[in-house]
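Undergrad: Next up is a structure, given as structure tokens.
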Amino acid sequence: MRSLKRSGIFLVLIALTLLGLGGRASAQSASGKVLVLPFAVNAPGDKDALRKSVGQLLSERLRQQGAAVVDASGKGKKDVNSPAEARQAAKAAGAAMAVYGTLNQVGDSISLDARAVAVGETGDPQTVFVTRQGVIALPSAVEELAQKLKVDVAPAAGGGEKVVELDVEGNNALEKDVVLLKVKTQVGEPYDSRTVNDDLKRLYELGYFDDVQIRSENVRGGKRVVFVVKEKPRIQAVSVVGNSEIKKDDIIEVMATKTGSVLNMQVLSDDLEKVRELYRKKGYFQTTVDYKLEQTDPRMARLNIVVKEAKKLYIKKIVINGAKQISASDLKDEMALKEKNFLSWILQTGVLKEELLERDSASIENYYTNRGYIDAKVGQPQVDIQDDGIVLTFQVEEGERYKIGNIGYKG
């Protein structure tokens, strides 16, 4: 009985909410329509009423944002279970996109799991997930759902409104103009929801933001588009821990991430690889390099480069397979890379320098060519890094040896 009373009160509130929204809905263009399909309902109470309420609320919210909506949420009770079904339904309704999903209730917690698909696309649907406490908060949940969906599913009303203003909110370290240089949406151009959505992806891919959202507003003369960003922290200091074989200053010197810069995960990933390469060049092939961030406040963080140094590895063996007509020892004499011996610590030999591998392959080929094996070939060198050293393998195809016959003179 208590559940029925709560459901009744809730449905009255839904009706009042829809009455409030209805007066603000604007006329829509028939092009670029969005089909709102029935949501599956996993909740106690009147499932049909809840299904209809979700569809009506979502349809009205999307209309407020400028979408031309076809509300099919109250037609039939069959749930849509796949993107293919949703696209087929949208195509039949003459819509460009379709929205479908599920309303779940577990105890007092409700969740809306929505999916949006475009008719002409075959990829995965856009997904949006919203949670609230209490079924009474469903209108608020649908409001957030519509806000998150609007970039993809809400074409501009009238099919051709211009962008009259661009703005950025939430930026602190990066200037507004720097952010706007990265987007293709421009003032004076027609508003295009797909371009705006691509701009969101471009800003994410810069690597400077933890979150990017887009808000479009109907203003006098057209659309105001706002990119709302949450920046990654600024680097307060960079430190290195665990290093002994390479100096801290030498490590920081090869990095692009510096004190005062905004954390960029792609740049940091490249920096870690540069540090690993620094160790490899000195023979520390099994050294690992990682990082830790210490957040000092919401806008600042300390970056720690964490090094776990392994022992230095030397070339313990060079194998030349396929060498039959010329001895492997003669070929090794032509190579810049050498096996470790008792003089390696003095002469600094026996360390693998990867840039010399191709050079040594060419040296072996030249040695064969100069002795008549003009078809000789050397394959890509193989590097086997083991716990006690490195094994290099060169594969040789000698071919036939050519000799000069009789030399005659005429004239």
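The values are calculated or read from the model by the stated rules, or taken from the named source; none is laboratory data. As the structure is a prediction and not an experimental result, all values here were calculated from the model. Counting neighbours? That spans all protein chains shown, and the Cβs are built from the backbone with ideal geometry, glycine included.
Undergrad: Could you grab me the full set of residues in region 82-110 that are without any contact (Cβ under 8 Å) to a residue 40 or more places away in the chain and closer than 17 Å to residue 125 by Cβ?
TA: 82, 84, 85, 87, 88, 91
Undergrad: Please work out if residue 388 is free of Cβ contacts under 8 Å to residues at least 40 places away in the same chain and either in the same structural domain as residue 272 (by TED's automatic domain parsing) or closer than 25 Å to residue 275 by Cβ (or both).
TA: No, not satisfied.
Undergrad: Quick one: which strands (runs of 3 or more DSSP E) sit completely within region 81-134 and have at least 2 residues that are over 19 Å from residue 61 (Cβ atoms)?
TA: 97-106, 109-118
Undergrad: Can you tell me which residue within region 185-244, out of those that are within 28 Å of residue 276 (Cα to Cα) and of a type in the set (Gly, Ala, Ser), is farthest from the chain's Cα centre (by Cα)?
TA: Only one residue tops the list, namely 244.
Undergrad: Select from region 8-63 the residues that are modelled with pLDDT under 50, among the hydrophobic types (A, V, I, L, M, F, W, C) and within 20 Å of residue 111 (Cβ to Cβ) and list them in ascending order.
TA: Listed by number, the residues that qualify are 10, 11, 13, 14.
Undergrad: Of everything in region 91-116, what is closer than 12 Å to residue 132 by Cβ and under 26 Å from the mean Cα position of the chain (by Cα)? Give them in sequence order.
TA: Scanning region 91-116 gives a single hit, 112.
Undergrad: Quickly run through region 279-302 and pick out the residues that are aliphatic (A, V, I, L, M) and at pLDDT 95 or above.
TA: 289
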